[in-house]
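First the structure, in the form of structure tokens, and then the observations on it.
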Ligand SMILES: Nc1ncnc2c1ncn2[C@@H]1O[C@H](COP(=O)(O)OP(=O)(O)OP(=O)(O)O)[C@@H](O)[C@H]1O
């Protein structure tokens, strides 16, 4: 939505969608009411004497509001714009050309596989840096088919890639709900309360064991905190690309986690050697000697094996649980 359209919205609606507007006005000593009056009308009716007392003119206030809102709206636009990501091959470690042009689209899950030291992290870093032949691989990365704007490289607001890291260290003394709310408010998303509720609900669907909104984050189990971070990323992150290190099987529904991210129309890149996750992906890039050696699309025949792999996995999980509860495994 454009700034001018926003000015015509009722304050009630604006405050529900963008609660931080209240902070903007209160920083000038003004108070917004959740009424049907449009923002423009509210601005026009401000008493010039009151503004004088507050040390700001009508023009200055409108200009600051414009700049502030323009910055916010740009964030939204940036998120909407990535429709494709293209990797143009460079050279592997021996200097052999990769000879490929690979286009990834939102909603796709791409697994990255390969031995230690083969160059998986390098590929992810090339994407994150939006490489233009200026990394050791000489790869080039295009966004929407063209050389992208430098904002993807240098602006912290326009992060192309959101990374879900392996370990969550919650040091803050907050409840799960407070943690997510703080996050939602700092991301300046519309209707943060609705987002907070949705994140907590989704996280509980992903986690094996339920937790409550008032559970302190420091008391969440590994699986629960991972589930919370995945739901948080899916619902709040504006970055069009998500990088995930393995979603380990620590009490989290991996299939649902992937589905949740896919639903948000993100491009998902996942470094994994887990056969279940690999088969859930649409494609896997096999990295060898610093280059993308093969691109394998998961076939129907492979996918048919998925349920068998899940059975095997559940069998192992059951054994793990038996160990956990002190059982003897003489009989399987
Ligand atoms: N095409 C390339 N040309 C030159 N150097 C490369 C190339 N690809 C990767 N490298 C370098 O090889 C080293 C190992 O790569 P990288 O760390 O990406 O491996 P990895 O597969 O992620 O390993 P691990 O599984 O151990 O994390 C890095 O120093 C990286 O910069």
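Every number in this text was worked out from the coordinates using simple rules, so none of it is lab data. All figures in this text were calculated on a predicted structure; none of them were measured in a lab. Here Cβ is always computed from backbone atoms with ideal geometry, including for glycine, and neighbour counts include all displayed protein chains.
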**Complete:** Which of 190, 38, 213 fluctuates most in a GNM of the chain (C-alpha springs under 10 Å)? That residue is 38
**Prompt:** Which of rounded, prolate, oblate describes the chain, given a ≥ b ≥ c as roots of the alpha-carbon gyration tensor eigenvalues and a/c under 1.5 marking rounded, otherwise prolate only if a/b is larger than b/c?
**Reply:** oblate
**Message:** Checking the a/c ratio against 1.5 first, then a/b against b/c, what shape does the Cα gyration tensor give for region 248-332?
**Reply:** prolate
**Message:** Out of all DSSP beta bridges in the chain, what portion is antiparallel? Express it as a percent rounded to 5.
**Reply:** 55 percent
**Message:** Given the DSSP H assignment, sum -39500 (n - 2.57) over each helix run of at least 4 residues in the chain and divide by its residue total; what's the result at 222 nm in deg cm²/dmol, nearest 500?
**Reply:** -13500 deg cm²/dmol
**Prompt:** Any idea how far the Cα center of region 233-311 sits from the one of region 117-133, in Å?
**Reply:** 18 Å
**Asked** What angle do you read, to the nearest 10 degrees and between 0 and 90, between the alpha-carbon axis of helix 254-263 and the longest principal axis of the chain?
**Response** 40 degrees
**Message:** Which of 278, 293, 257 ends up with the largest GNM mean-square fluctuation for the chain, with Cα atoms connected below 10 Å?
**Reply:** 293
**For region 180-332, share of DSSP beta bridges that run antiparallel, in % to the nearest 5** = 60 percent
**Fill in**
Computed over the chain: longest principal axis from alpha-carbon atoms vs helix 300-324 long axis, angle to nearest 10 degrees, is 90 degrees
**Fill in**
GNM of the chain, Cα pairs under 10 angstrom: of 52, 164, 228, the biggest fluctuation goes to 52
**Message:** Below 8 Å, C-alpha to C-alpha, sequence gap of six or more: please give me the relative contact order for the chain in percent.
**Reply:** 20 percent
**Crossing angle, helix 58-80 versus the chain [Cα axis fit, 0-90 degrees, rounded to tens]** = 20 degrees
**Message:** Rounded, prolate or oblate for region 81-125? Axes are the square roots of the Cα gyration tensor eigenvalues, ordered a ≥ b ≥ c, and the cut-off for rounded is a/c under 1.5.
**Reply:** oblate
**Message:** Considering all projection directions equally, how large on average is the shadow of the alpha-carbon convex hull of region 3-78, in square nanometres?
**Reply:** 4.6 nm²
**Request:** Arrange the following residues from fewest to most other Cβ atoms within 10 Å of their Cβ: 255, 263.
**Result:** 263, 255
**Asked** Ranked by Cβ crowding within 10 angstrom, fewest neighbours first, how are 149, 23 ordered?
**Response** 23, 149
**Request:** For each of 282, 253, count neighbouring Cβ atoms within 10 Å of the residue's Cβ, then give the residues from fewest to most.
**Result:** 282, 253
